[in-house]
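The values are calculated or read from the model by the stated rules, or taken from the named source; none is laboratory data. On a predicted model such as this, the values are computed, not experimentally measured, just so you know. Note: ideal-geometry Cβ built from the backbone for every residue, glycine included; neighbour counts use all protein chains shown.
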């Protein structure tokens, strides 16, 4: 009986550690994609490594909240034009939370396109 309980605990810990590793990996991929998009996109700038990390965290949290409230993913190509518009709004709005991030309106639109293209190329969930 206690052996079964220990096996269940170990299995739950293993599943939890895999989920944490997955979350951390997705966050790192998101930060890299956001950094590349900021580098390639005119009107979309993030200063410093910590700025990239904070921007990735803020964008991930806002995406999570949108997904919980509205019920769909804010990926640029996740839900067609609606997902693209929401992704551009998330990018534009994140600059008001992240001090090291500056995005123009056109930069947010172009950034959403670049992030959507990178999201198709790089495996994993970016936004």
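Every listed requirement among (1) surrounded by 20 or more Cβ atoms within 10 Å (Cβ to Cβ); (2) modelled with pLDDT of 90 or more is met by residue 76 save one, (2).
Do we find a residue being more than 10 Å from residue 111 (Cα to Cα), modelled with pLDDT under 90 and in a helix (DSSP H, G or I) anywhere in segment 42-56? No, that holds for no residue.
Selection within segment 58-71: residues that are within 23 Å of residue 105 (Cβ to Cβ) and under 15 Å from the mean Cα position of the chain (by Cα). The member of this set that is modelled with the highest pLDDT is 58.
For residue 90, the conditions (1) in a helix (DSSP H, G or I); (2) farther than 11 Å from residue 59 by Cβ are fulfilled apart from (2).
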